[in-house]
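Have a look at the structure below, then the notes.
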Amino acid sequence: MSLVEKARAILRGNDRGGYAVPTDRLYPFQWNWDSGFVAMGWATFDEPRAWSELVFLLKGQWEDGMIPQIVFHAPSDDYFPGPDVWGIHRTPPTSGITQPPIIAVAALWLLRQARDVAAAEAQAAAMFPALLAHHRWWESARDPQRTGLVATLHPWETGMDNSPAWDVALDRVPTETTTEIRRRDTSHIDASMRPRGVEYQRFIHLVDLFRDHGWDPARMYEASPFRVADIGINAILLRAERDLLVLAERFGSVADRAEIAARIDRLAGGIARMWSDAHGLFLSRDLISGQPIPRPTSEGFLPVFAGAATPARVAAMAATVSVWRERAPWMVASSEPDNAVFEPKRYWRGPVWAVVNWMIADGFASYGEVALGADILDQTRKLIAQAGFSEYFDPTTGEGIGGADFSWTAAIYLMLARD
Ligand code: DGY
């Protein structure tokens, strides 16, 4: 079986009738940003199924525009915390926090790649109001003072749960929980590749707190002891706003376009302030201390994906990637390899992720760093060819780790096989 056939078989195997789980058992529901990438993977061989991925995700969208991190379409005992812990009585049940807003990027990508243009236009037109509502939610709920940076209130929202960038901010979160913690992930995956127990206590403390605040966005924003401007989320949101503006030219009104353009200006200004000369990349900011977080991670390169870097900054980031590569030859490690907190096998504290590579490579190429972009994609293909469709990879050895037969890794492979 060729790798393309294997990647398609993984998506089909993870399909649960209109949406795909990230992988069997470890993640038995629909995850927000996984679905955006997975839709792009489906689009390489099954366009109706690609749109269905996004339509199913939007079944979980809240009236205020929030798109949840998890949509619990069907019950499963394989995951903690399930719908009972979130206590959100909707149909379908969902979690109460969000995830990186890649969906508008996926929708535009599907439209641009479409062979059945009429069907794609109908889908994109129908979806446009939901995407616009989602971007409005990000600004109103997460940047109520219009600072130009949206806040993240839970490490799970960043998608990079145990990133070293969150260590100090997360330390402020108490470890007491009213929910009994019954982790399931460590019965599927070796605990050394997953977040630590104390991090889970803090993750669940935040879930308890937000549930006690009725999942009200304003109350959550005020009450959360964890509030960061995540450079990854802000960069992905800016790219998504730019892509939404392209969609708005076809499917939106003059007023919609003006509104999106104004948000683009605010976000671009906010991201520009996150640059660190000392580190040669962008940093997240702790919104409680007001200070930059001096922990370089791969998401610090994502402003290239958003068109938010100057040529001098792009050159500095390309140099930083090369320095990281000396210590961790498989690009791009998720955190600075030459740092005491680097752990090459522990989830977001070092491993390489195919989706992040795709975004970084796309961004570098768009700035004319074509060779570096191609190199990152080439390494991504090689990692998958030698180690399989793993959830993530050790950047020092290239070993495949975490969950196996992973949907978004398969999706990225299918997108690269088309290049
Ligand atoms: C998990 O449970 O590990 C997920 O990353 C949460 O989104």
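The values are calculated or read from the model by the stated rules, or taken from the named source; none is laboratory data. From a predicted model like this one, the values you see are computed outputs, not experimental measurements. Here the Cβ is made from the backbone with ideal geometry for all residues, glycine too, and neighbour counts use every protein chain on show. These area figures cover heavy atoms from the full protein model, side chains too; ligands, DNA and RNA do not enter into them. Shrake-Rupley method; radii C 1.70, N 1.55, O 1.52, S 1.80 Å.
Kindly indicate the residue of region 102-160 that is within 15 Å of the chain's Cα centre (by Cα), away from the ligand (no atom under 16 Å from the Cβ) and of a type in the set (Gly, Ala, Ser) and also surrounded by the most Cβ atoms within 10 Å (Cβ to Cβ) among those meeting that condition.
Applying the filter and picking the extreme gives ALA104.
For region 24-41, name all the residues that are open to solvent by less than 10 Å² (accessible area, probe 1.4 Å) and either under 19 Å from LYS59 (Cα atoms) or near the ligand (Cβ under 9 Å from one of its atoms) (or both).
The answer is LEU26, PHE29, GLN30, ASN32, TRP33, SER35, GLY36, PHE37, VAL38, ALA39, MET40.
In region 127-167, how many are part of a helix (DSSP H, G or I) and under 15 Å from GLY65 (Cα atoms)?
Going through region 127-167 one residue at a time, the tally reaches 16.
Which one of these does ILE97 not meet: (1) open to solvent by less than 20 Å² (accessible area, probe 1.4 Å); (2) not in a loop (DSSP other than H, G, I, E, B)?
If we test ILE97 against (1) open to solvent by less than 20 Å² (accessible area, probe 1.4 Å); (2) not in a loop (DSSP other than H, G, I, E, B), just (2) comes out false.
Select from region 364-410 the residues that are open to solvent by 30 Å² or more (accessible area, probe 1.4 Å) and assigned to a loop (DSSP other than H, G, I, E, B) and list them in ascending order.
Hits for region 364-410 are TYR367, GLY368, GLU369, THR396, THR397, GLU399, ALA404, ASP405.
In this structure, is ALA361 surrounded by 24 or more Cβ atoms within 10 Å (Cβ to Cβ) and either assigned to a loop (DSSP other than H, G, I, E, B) or in contact with a Pro (Cβ under 9 Å, 6 or more places away or on another chain) (or both)?
So ALA361 fails the test.
Could you tell me whether region 75-84 includes any residue that is at positive phi and out of contact with any strand residue (DSSP E or B) (no Cβ under 8 Å at 6 or more places or on another chain)?
no
Here's a check for you: in region 344-356, which residue that is out of contact with any strand residue (DSSP E or B) (no Cβ under 8 Å at 6 or more places or on another chain) and assigned to a loop (DSSP other than H, G, I, E, B) is farthest from GLY159 (Cα to Cα)?
Selected residue: PRO344.
Pick out the one residue from PRO81, PRO75 that is in a loop (DSSP other than H, G, I, E, B), within 20 Å of the chain's Cα centre (by Cα) and either within 25 Å of THR179 (Cβ to Cβ) or of a type in the set (S, T, N, Q) (or both).
PRO81
When you go through ASP208, ASP230 one by one, which is the residue that is more than 13 Å from the ligand (Cβ to nearest atom) and surrounded by 23 or more Cβ atoms within 10 Å (Cβ to Cβ)?
That would be ASP230, the only listed residue that is more than 13 Å from the ligand (Cβ to nearest atom) and surrounded by 23 or more Cβ atoms within 10 Å (Cβ to Cβ).
Here's the yes/no breakdown for (1) assigned to a loop (DSSP other than H, G, I, E, B); (2) acidic (Asp, Glu):
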site: ARG295; (1), (2): yes, no
site: GLY300; (1), (2): no, no
site: VAL304; (1), (2): no, no
site: ALA308; (1), (2): yes, no
site: ALA312; (1), (2): no, no
site: ALA315; (1), (2): no, no
site: ALA318; (1), (2): no, no
site: GLU326; (1), (2): no, yes
site: MET331; (1), (2): yes, no
